[in-house]
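These notes concern the structure reproduced below.
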Amino acid sequence: MGKKKLSVVLAVFNEQENIVPCLQSIKGLADEIIVVDGSSDDKTPLLAKKLGARVFVVSNKAMFHKNKQLALERATADWILQLDADERVTSSLRDEIRSKTSKSKEKGINGYYLPRRNYFLGKFLTKGGQYPDYVIRLVKNGKAYFPCQSVHEQIRVRGPVDYLENPLIHLTAPSFSRYLQNANRYTSLTADKLKENKISLNLFNKLKYLFYLPLKTFIMIFFRHRGFQDGFPGFVFALFSGLHYSLAFIKYWEQGNK
């Protein structure tokens with residue numbers, strides 16, 4: 001049996017609606033599929049196994065990047081493609097990945113940024129800094145890791161990183177309720193970070209997190225990066241991107257007043 005060229009790895013929790021189309025999108029590309037499941041209480045692990053994945057059931061950690069790191073560590077191929085369950089690999093991206101991973105010594109590259117198309121409230125966002133939304137997803141085994149410190153962190157790569165041309169599809173919020181579920185998780189993690197950093201609950205920080213950062217973020221996304229060109233979805237994205245800071249600070253304030 002030849003050496004494995006590509007492992008596809010995912011860390012998931014209750015993704016039975018997404019796991020099948022996600023894994024079907026990498027059919028014929030992966031030499032192995034690794035799924036680290038955070039003790040899902042739906043059919044996610046069963047469905048993943050039916051599609052040929054090696055499934056490892058672990059606890060559902062608050063800092064979910066820890067499970068992504070576990071998935072990286074279980075990969076055995078030369079290259080690793082890290083995906084989230086709400087992402088899809090197009091046929092053109094499959095061909096490009098196959099080409100890059102077949103040239104293991106090309107330029108000494110240890111990782112690749114992939115452009116990502118974000119689907120939000122019925123359309124793909126094209127402005128607001130949302131395209132191309134570059135993310136590092138294709139890495140050489142042993143050359144990359146998750147710091148596990150921030151909700152929005154990327155994989156870090158030791159050595160040179162290059163760019164792929166074909167985009168990864170990200171179904172970030174097919175419905176507003178799904179977006180709110182994710183926002184609730186992300187703001188809780190940011191609140192925990194504020195607590196860890198012992199941010200003071202004084203008037204200055206209340207003004208900063210409740211007004212200044214939300215307004216600054218909205219203006220940057222909606223006006224400077226022309227999010228208004230994406231219509232109402234662009235407005236909602238800019239608005240709630242700013243409100244992330246307010247909601248996180250309110251959760252942090254609530255923790256300090258219990």
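Every number in this text was worked out from the coordinates using simple rules, so none of it is lab data. In this text, all values refer to a predicted model and were calculated from it rather than measured experimentally. Heads up, the Cβs are rebuilt from the backbone with ideal geometry, glycines too, and the neighbour counts pull from every protein chain shown.
Suppose we keep only residues that are in a helix (DSSP H, G or I) and among the basic types (K, R) within the range 222-258. Which one would you say is surrounded by the fewest Cβ atoms within 10 Å (Cβ to Cβ)?
Once the filter is applied, the top-ranked residue is R224.
Could you pull out the residue among Y186, Y209 that is part of a helix (DSSP H, G or I), touching a helix residue (DSSP H, G or I) at 6+ places or on another chain (Cβ under 8 Å) and more than 25 Å from R88 (Cα to Cα)?
Result of the check over Y186, Y209: Y209.
Could you list all residues from the range 189-206 that are among the aromatic types (F, W, Y) and part of a loop (DSSP other than H, G, I, E, B)?
Once the filter is applied, which keeps residues that are among the aromatic types (F, W, Y) and part of a loop (DSSP other than H, G, I, E, B), the range 189-206 yields nothing.
Is it the case that the range 200-208 has a residue that's basic (K, R), over 13 Å from Q130 (Cβ atoms) and surrounded by 14 or more Cβ atoms within 10 Å (Cβ to Cβ)?
Within the range 200-208, one or more residues are basic (K, R), over 13 Å from Q130 (Cβ atoms) and surrounded by 14 or more Cβ atoms within 10 Å (Cβ to Cβ).
Restricting to the range 149-164, give me the number of residues that are aliphatic (A, V, I, L, M) and part of a loop (DSSP other than H, G, I, E, B).
Of the residues in that region, 3 qualify.
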